[in-house]
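This report concerns only the one structure given below.
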Amino acid sequence: MQIKTPAYAWLVLFFSMAMSAEAGLGAQTEKEEANRLIEKAEHLWYLSAFAPALENLEAAFKLSDQLADPRLTALCLNLMGTVSDSQGDYALGWERHQRALQLTRELDDQRLEASVLADIGLGFWRQANYPQALDYCQRALAIQEKIGDHVGLAKTLAYIGRVHFKQGTYEGALGFYRRALATQEAGGEHRAQSITLEDMGDIHQERGSYTQALEHYQHALRIREEMEDRAGQCYLLHIVGRCYMIQGAYREALGWFRRALDLSRATVDLPGRASALYHMGIAYSRQGAFAKAAECYQGALHIFGELGNRRQQAWVLSYTGDMHYHQGDFTRALTCYQQATKIWEETRDRRGLNTGLVKLGRLYDHLGDDQRALEYFRRDARLQEEMQMPYLPITLGSIGRIHARQGDGHQALQHGQRAVELAAQINNAEVQWLAAYLLGSIQRQLGLRVEALQSFRESLTIIERLRADVVPADEARSGFLEGKQMVYTDTISLLLELGHAPEALEVAERARARAFLDLLGARELQAKPSDASTLAHIRRLQEQLVQQKPLRVSAKDGSREMAMRGDDLVMAELGKLRQAQPELASLIAVQPLSISHLKEEASRRQATLVEYLITDHQLFIWVLEPGGMILTTSSKFSRCDLY
């Protein structure tokens, strides 16, 4: 017998099926929304907008809980842990990462497990705990290589590159970045490529290879432009501007920062606006426009507070302290440095803390409080040794100089010589010239004037090699020596003490004439693009020499073939360049006017030549008579006396 279903039962079944379909559609929509929130949070985290990132993650976490989707929950927890690490709350970050890791293992999701392991490594990198960072990244790498996760592999390789970078092993870092970049390019991972290119640019900038740094930054910027990622563009505009600022090109830098500020305002990009104001503050301060700098710093400080980025607030306070320091307001400088250092201690930001300790030590050193200066410098030295940082030579040299002032020659020389030895082990010319200068200062204070002169000469050699890679912009080249003039000044002063007036005059000529030659050189490059390729070729050769890479080139001399060592090749190339294009050659290696040339000119003209050099604290005068005699004098003087 056939059983008939009542009409209302069919209606109930129909509505039940419709509601199930709607529920399924709703669940799918909620899952898509959760993924969208996570992606948005990741982008906000990259821009250091931590508070908004967490808001999006908390909303995504609620959706994942409602959906009972453990994979979504793991994704939320992992990124929340990364944001907590960025804010300095490592205990909370660790807890969230561990919960995410447990879920990935329960799901047997090896791809996500490896991603969490790599992000835990990044958290240890933020704490400057490099052994632990490498351990977790290597565990992630093993899984990613096993399952063929190329996207995850590239991310982990870049993280390992960051560890090597912060430890000063620059070539090792570049090797990992190149592997990451090749994988990202093959997979069409454009945003990841941009981040890796930026990281590579940071290494070149750290080493003083500014042209290469800018090439990488601008390549990253072009990718962001092609992606129409305006927040990413804004971020990279700051990075390019910062590279110009480091070289002393403050007007050029401000142009980039203003572009970033305009873009951030047009897109309501608060992190971009805060970063633009922060960098503009530094540039204005270094130009002496302190009122404008203070206004920018205050604006940046307020926005970073809204974004929950205490670490960046600490950096703003630190540079505000520098502004007060240069104005001679040491009390306010001290307050700012102490506030910044307190935040870095609370957020366990050991790299930031390194900066705070150095600045406090420098301030007390300037004030003549040797005990407190040594306290901060020694604390920083211990911290840097723990972290294996490449800037330790500078702190050691500073300690040595205080010991020399106190008359403890043994301790002074021990610290100064160790500084130079450590600096020689890393490929960072900025650290090397400063270590050599500090050793020379120590030797001079102890009466070892001949040894001090040798150290000063080494410092000048490194500075002028560095200068060869400053970008060919008028302001960059004329501003590059601003923070290094004391090396020229002290070398000249010491040469005069030793009775080497002719050499002192040559060094003065190098210091005095650089800006004029730089302007000519910059315009020459702009007029002749082919010159840029010539310079790039010689710089590549020099870079190979610095890295001590083997280089053999064959050159035919008639029927005889001659093998040339790398340094011989560079010298041969420079010799040809000096003969053909002397102005262009000055951009690579400084050729000071020889004293014999000056004497010939005085004799030929039967005229007395007078040259002077005004430094921040001293006036040097040379009088070269037609007969060849050189008279010298110097006196305490300040540029301020001219106004």
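With respect to the stated conditions, Arg258 fails to be charged (D, E, K, R), in contact with a helix residue (DSSP H, G or I) (Cβ under 7 Å, 6 or more places away or on another chain) and surrounded by fewer than 21 Cβ atoms within 10 Å (Cβ to Cβ).
If you check Arg286, Arg265, Arg258 for being in contact with a Lys or Arg (Cβ under 7 Å, 6 or more places away or on another chain) and part of a helix (DSSP H, G or I), only one passes: Arg265.
Restricting Ala429, Ala419, Ala423 to residues that are of a type in the set (A, V, I, L, M), in contact with a helix residue (DSSP H, G or I) (Cβ under 6 Å, 6 or more places away or on another chain) and at pLDDT 95 or above narrows the list to Ala419. Look at region 257-281: where a residue is of a type in the set (D, E, K, R) and a partner is crowded, with 24+ Cβ neighbours inside 10 Å, sitting 6+ places away or on another chain with Cβ atoms under 6 Å, you get Arg259/Leu237; Asp269/Cys234; Arg273/Ser264. Could you run through region 126-135 and say how many residues are crowded, with 23+ Cβ neighbours inside 10 Å and at pLDDT 95 or above? Count: 1.
Residues that are without any contact (Cβ under 8 Å) to a residue 40 or more places away in the chain and closer than 26 Å to Ser84 by Cβ are absent from region 360-381 altogether. Could we say that Leu75 is of a type outside the set (Asp, Glu) and surrounded by 24 or more Cβ atoms within 10 Å (Cβ to Cβ) here? Yes; evaluated as a whole, the condition is true for this residue. Among the residues of region 90-134, those that are more than 31 Å from the chain's Cα centre (by Cα) and either at positive phi or of a type in the set (S, T, N, Q) (or both) comprise Gln98, Gln102, Thr104, Asp108, Gln110. Return the residues of region 161-178 that are part of a helix (DSSP H, G or I) and in contact (Cβ under 8 Å) with a residue 24 or more places away in the chain; say none if nothing qualifies. The answer is Gly161, Arg162, Val163, Phe165, Lys166, Tyr170, Glu171, Ala173, Leu174, Tyr177. One residue stands out among those in region 158-171 that are more than 20 Å from Gln384 (Cα to Cα) and out of contact with any Cys (no Cβ under 6 Å at 6 or more places or on another chain): the one that is surrounded by the fewest Cβ atoms within 10 Å (Cβ to Cβ), which is Glu171. Given the criteria closer than 17 Å to Ala340 by Cα, more than 18 Å from the chain's Cα centre (by Cα), at pLDDT 95 or above and crowded, with 22+ Cβ neighbours inside 10 Å, does Tyr297 qualify? So Tyr297 passes the test. Taking the conditions exactly as written (among the aliphatic types (A, V, I, L, M) and within 25 Å of Glu464 (Cβ to Cβ)), does Ile195 satisfy them or not? Judged against the criteria, Ile195 is not a match. Any chance region 179-193 includes a residue that's surrounded by fewer than 24 Cβ atoms within 10 Å (Cβ to Cβ) and in contact (Cβ under 8 Å) with a residue 40 or more places away in the chain? Among the residues of region 179-193, at least one is surrounded by fewer than 24 Cβ atoms within 10 Å (Cβ to Cβ) and in contact (Cβ under 8 Å) with a residue 40 or more places away in the chain, which makes the answer yes. For the structure I just gave you, tell me whether Ile463 is at pLDDT 90 or above and crowded, with 18+ Cβ neighbours inside 10 Å. In short, no. Screening Tyr284 against (1) over 26 Å from Leu357 (Cα atoms); (2) open to solvent by 20 Å² or more (accessible area, probe 1.4 Å); (3) without any contact (Cβ under 8 Å) to a residue 60 or more places away in the chain leaves a single unmet condition, (1). Restricted to region 332-354, and to residues there that are touching a residue at least 40 places away in the same chain (Cβ under 8 Å) and open to solvent by 20 Å² or more (accessible area, probe 1.4 Å), the residue that is farthest from Ala128 (Cα to Cα) is Glu346.
Scanning region 367-410 for residues that are at pLDDT below 95 and of a type in the set (Asp, Glu) turns up Glu385, Glu386. In region 216-230, the condition of being modelled with pLDDT under 95, open to solvent by less than 20 Å² (accessible area, probe 1.4 Å), more than 21 Å from Gln205 (Cα to Cα) and touching a helix residue (DSSP H, G or I) at 6+ places or on another chain (Cβ under 8 Å) is met by at least one residue. When region 308-326 is filtered for residues that are open to solvent by 10 Å² or more (accessible area, probe 1.4 Å) and out of contact with any Gly (no Cβ under 9 Å at 6 or more places or on another chain), the ones remaining, listed by number, are Gly308, Gln312, Leu317, Asp322, His324, Tyr325.
Arg258 falls short of the stated requirement of being modelled with pLDDT under 95 and within 29 Å of Arg207 (Cα to Cα).
So, Glu30, is that one at pLDDT below 90, surrounded by 15 or more Cβ atoms within 10 Å (Cβ to Cβ) and farther than 24 Å from Gly88 by Cβ or not? In short, yes. Within the set Glu421, Glu375, the sole residue that is assigned to a helix (DSSP H, G or I), open to solvent by 50 Å² or more (accessible area, probe 1.4 Å) and closer than 29 Å to Ile203 by Cα turns out to be Glu421.
Restricting region 252-291 to residues that are over 18 Å from Leu317 (Cβ atoms) and basic (Lys, Arg), the residue that is farthest from the chain's Cα centre (by Cα) is Arg265. Any residue at all in region 528-539 that's at pLDDT below 90, open to solvent by 40 Å² or more (accessible area, probe 1.4 Å) and closer than 26 Å to Arg286 by Cα? Looking through region 528-539, none of the residues is at pLDDT below 90, open to solvent by 40 Å² or more (accessible area, probe 1.4 Å) and closer than 26 Å to Arg286 by Cα.
Condition check ((1) of a type in the set (Phe, Trp, Tyr); (2) farther than 20 Å from Asp349 by Cβ) across all residues:
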position	(1), (2)
Asn56	no, yes
Leu63	no, yes
Pro70	no, yes
Leu75	no, yes
Val83	no, no
Ser86	no, no
Asp89	no, no
Trp94	yes, no
His97	no, no
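The values are calculated or read from the model by the stated rules, or taken from the named source; none is laboratory data. Bear in mind that the values here come from a model prediction, so they are computed numbers and not experimental data. Backbone-built Cβ (ideal geometry, glycine too); neighbour counts: all protein chains shown. Heavy atoms of the whole protein, side chains included, go into the accessibility calculation; ligands, DNA and RNA do not. Shrake-Rupley method; radii C 1.70, N 1.55, O 1.52, S 1.80 Å.
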